[in-house]
Amino acid sequence: MGGTAAEAGGLAATAVLDPGPLAGLGPVVGPVIGAVIGPGFGPVAGLTLAALGAAWSAWAAWELVRAGNRLAPGAAPARFVDEGPFAWSRNPMALGAVLATFGVGLALGLPAAGAVAAVALAAWAHARIVHEERELQRRFGGWYSDYAARVRRWI
């Protein structure tokens, strides 16, 4: 897949399964967005955003599987993937989860539901992503360096 595909084992499949530091903020930020855009519009906008986030994550998962990678946590990837949503985000499945979470929070208007989870998730995701990026650099070398230089972590 792509110009920087590499045969190797590693964490590429698990790196994108991390939901990201902002995922738990959806139930907190969603209702605020709903208040700004007006009552009655929140559920429609939220469900739309949730569907788009889920579709983005599914596309990323499909690209990984199409390249011969397994999605199981800890599974060694067969190839380094830099196509599809991976061309715009190094963590597209996590980005999709963030969008879907924001959408659910907006649709349901649950500001307190994610407050505690957001703090715990942000700390966990930061530590995990840093570790995974080090592992990807170690396993894929120049392919990952070039990729990380041109593609942002989130968007």
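The values are calculated or read from the model by the stated rules, or taken from the named source; none is laboratory data. None of these values were measured; they are calculated from a predicted model. Using ideal geometry, Cβ is built from the backbone for each residue, glycine included, and neighbour counts are taken over all protein chains shown.
For the reader, a short list of remarks on this structure follows.
- The criterion of being over 17 Å from W154 (Cβ atoms), touching a Phe, Trp or Tyr at 6+ places or on another chain (Cβ under 9 Å), assigned to a helix (DSSP H, G or I) and of a type outside the set (S, T, Y) holds for L64.
- In this entry, A87 is excluded by the filter for residues that are more than 26 Å from G46 (Cβ to Cβ), touching a residue at least 24 places away in the same chain (Cβ under 8 Å), among the hydrophobic types (A, V, I, L, M, F, W, C) and in contact with a strand residue (DSSP E or B) (Cβ under 8 Å, 6 or more places away or on another chain).
- Verdict on A120 being surrounded by fewer than 19 Cβ atoms within 10 Å (Cβ to Cβ), at negative phi and at pLDDT below 75: yes
- Every residue from the stretch 139-155 that is assigned to a helix (DSSP H, G or I), among the basic types (K, R) and farther than 14 Å from P77 by Cα: R150
- Qualifying residues in the stretch 82-101 (those that are more than 11 Å from A50 (Cα to Cα) and of a type in the set (G, A, S)) - the one modelled with the lowest pLDDT: A94
- Residue within the stretch 9-21 that is at pLDDT below 80, surrounded by 15 or more Cβ atoms within 10 Å (Cβ to Cβ), more than 13 Å from the chain's Cα centre (by Cα) and outside any helix (DSSP H, G or I) present: yes
- Residues satisfying the stated conditions in the stretch 126-145, i.e. of a type in the set (A, V, I, L, M) and free of Cβ contacts under 8 Å to residues at least 40 places away in the same chain: A127, V130
- Within the stretch 102-117, restricting attention to residues that are of a type in the set (A, V, I, L, M) and not in a helix (DSSP H, G or I), the residue that is modelled with the lowest pLDDT is A113.
- In the stretch 59-70, the residues that are surrounded by 15 or more Cβ atoms within 10 Å (Cβ to Cβ) and aliphatic (A, V, I, L, M): A60, A61, L64, A67
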